[in-house]
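**Student:** Sending over a structure as structure tokens; questions will come in a sec.
The numbers here are math on the coordinates, done by the rules we state, and not lab data. Just so you know, these numbers come straight off a predicted model, no measurement behind them. Cβ placement follows ideal geometry from the backbone for every residue including glycine, while neighbour counts extend to all protein chains displayed.
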């Protein structure tokens, strides 16, 4: 028997709200990467506090359909998660996908080891209500980790 992560239902509700609010063609992994790069550049330009405030606002210029910026702080706490506000302040090392893969820790490990790259995991797509492969482009910016994810199909 599989055990679901206790936050999974709340995460799915948050993603559904974002999808309904930003209906249209689904975003691509390339668009997720471009938004993550834009967010990392913004954080370098204006600093973490202002950038994170911008990422958490609908009108901050960092929300595109179901794409939004997630930021992990130096203590691995989630500081930005516009699409899933219930995650704010949570410990990213505890995040697991629908199959139990600790993708939050994998994001942290990749950022620290390589500075940037893709992390794949499986989540229920709120638009299709089916489990699908999701990929996130991850970038380390100083002591912070910035990423944006998109479904592969």
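**Student:** Based on the Cβ-Cβ distance of residue 34 and residue 58, what FRET efficiency does E = 1/(1 + (r/R0)^6) give at R0 = 25 Å, to the nearest 0.05?
**Tutor:** Working: r = 19 Å, r/R0 = 0.76.
Computed FRET efficiency for residue 34 and residue 58 comes out at 0.85.
**Student:** Right, here's the next one. Determine the distance separating the Cα centre of region 22-61 from the Cα centre of region 75-93; give it in Å without decimals.
**Tutor:** 15
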